[in-house]
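One structure is given below, encoded as structure tokens.
The values are calculated or read from the model by the stated rules, or taken from the named source; none is laboratory data. What you are looking at is a predicted structure, and each value in this text was computed from that prediction instead of being measured. Don't worry about glycine lacking a Cβ; one is built from the backbone with ideal geometry, like all the others, and counts go over all protein chains shown. Side chains are part of the model used for accessible areas, which takes the heavy atoms of the whole protein and leaves out ligands, DNA and RNA. Shrake-Rupley method; radii C 1.70, N 1.55, O 1.52, S 1.80 Å.
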Amino acid sequence: MAPRPGSSTAGAVLWGMLAPFGTLAVLVGACGLGYREARHRDVGRTYLRYVGTVAGAGATVMLLVFVGGVVLGGSSGSAPFVGLLSLVTLLVGLPGVLTVAALAGVSLASTRGDDAPVRSTRELLPVAVGTGAVAGVGFVLESVADLATAAGGGVGVAASLPQFGSAGRTLVTYLQAGRLAGDLTLIGAGIVVGVLAVRRRGVAAPSRRFVGVVGAGALTGLLVAWAPVMYYVTSANAPTTDSVETAATALASAVVSTAAVAAFAVVAGVGVARFGTDEGDADGSEDTDGLDFEPVTETPASERSLRDH
């Protein structure tokens, strides 16, 4: 019933172009939610609880969807390993993206104010390089299934690679494993880059310049990895007249699902590092003042009293 202009391949490409909008909606919606919450509540001081709530809610929904699909499909015992891998991929993928986007919104809203030092573009270049590396590696890992299929001439996974039962099950395993590894890289390594930006580069808040540099780095790293991967995949799969549309679809999907996620994760990492520093400084200042104030005031007084005597 769906419209299919021209060939079936063109129809698949058309509907494939709509797939990135789902991820984009999750990113924008979760970021807006985090921004709104931080503007109305003191989310910064309780960010761990906030992140846990968002991740737990997303994971619960995905778990219910997965269980419902297994029950309705009646395929719970056909491939337990593939089913478990699919479940883990779902739990890391969408809830993870939801969480980093929400935390990025909190970080964008919880700034220190107009007096926060803004680093120059030159000082932020290492952060851009790190973000680009995260995006590039994440895309390569997400393309493991395509690369393995291309190595086999476009028909199933190459025989020289490890197999997992039937051809279909092997392809699904590579697809899920690649997505899981890519999501873990984008989310985990992206947050690490954001934390290092605070601790090594002195980033006080994710300013517009910081977000722009991070976004440019993520897009550049993605393009560096995307070009050779797509060239290898398309050349091995007998390019057709629809290869241009297929490449455009793949690039649009990668920009949203890889570059955007990497950028949001880096901004989220800035929030994690900054909130942790704020809490540590607040606790440390109270303890330091409580311990050092009395010796500084009492010791000189005691020495003067002794000299007077």
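Scan the stretch 147-161 for residues that are open to solvent by 30 Å² or more (accessible area, probe 1.4 Å) and in contact (Cβ under 8 Å) with a residue 60 or more places away in the chain and jot them down.
Leu147, Ala151, Gly153, Gly154
Is there any pair with a first residue in the stretch 190-201 that is of a type in the set (A, V, I, L, M, F, W, C) and a second that is surrounded by 20 or more Cβ atoms within 10 Å (Cβ to Cβ) and not in a helix (DSSP H, G or I) whose Cβ atoms are under 9 Å apart and which are 6 or more apart or on different chains, and what are they?
Short answer, once both residue conditions are applied: Ala197/Leu124; Ala197/Val203; Ala197/Pro206.
State whether the residues of the stretch 40-48 include one that is at pLDDT 65 or above, among the basic types (Lys, Arg) and assigned to a helix (DSSP H, G or I).
No: the stretch 40-48 contains no residue that is at pLDDT 65 or above, among the basic types (Lys, Arg) and assigned to a helix (DSSP H, G or I).
Among (1) of a type outside the set (A, V, I, L, M, F, W, C); (2) at pLDDT 75 or above; (3) within 30 Å of Val172 (Cα to Cα), which single condition is Gly34 missing?
Single failed check for Gly34: (3).
When you scan the stretch 136-243 for helices (runs of 4 or more DSSP H) that lie fully inside it, which ones turn up with 2 or more residues that are farther than 24 Å from Val270 by Cβ and under 26 Å from the mean Cα position of the chain (by Cα)?
144-151, 167-184, 208-236
With the structure loaded, tell me whether Val134 is open to solvent by less than 20 Å² (accessible area, probe 1.4 Å) and of a type in the set (Val, Ile, Thr) or whether it fails that test.
On the way: open to solvent by less than 20 Å² (accessible area, probe 1.4 Å): yes; of a type in the set (Val, Ile, Thr): yes.
Spelling it out, Val134 is indeed open to solvent by less than 20 Å² (accessible area, probe 1.4 Å) and of a type in the set (Val, Ile, Thr).
List the number of the failed condition for Gly6; all other conditions in (1) in a helix (DSSP H, G or I); (2) over 23 Å from Ala262 (Cβ atoms); (3) at pLDDT below 65 hold.
With (1) in a helix (DSSP H, G or I); (2) over 23 Å from Ala262 (Cβ atoms); (3) at pLDDT below 65 applied to Gly6, the lone miss is (1).
Starting from the stretch 162-180, take each residue that is closer than 25 Å to Val137 by Cβ and basic (Lys, Arg) and list its partners that are open to solvent by 30 Å² or more (accessible area, probe 1.4 Å) and part of a helix (DSSP H, G or I), counting only C-beta distances under 9 angstrom and pairs at least six apart or across chains.
From residues that are closer than 25 Å to Val137 by Cβ and basic (Lys, Arg), the pairs are Arg179/Val92; Arg179/Leu141; Arg179/Glu142; Arg179/Val144.
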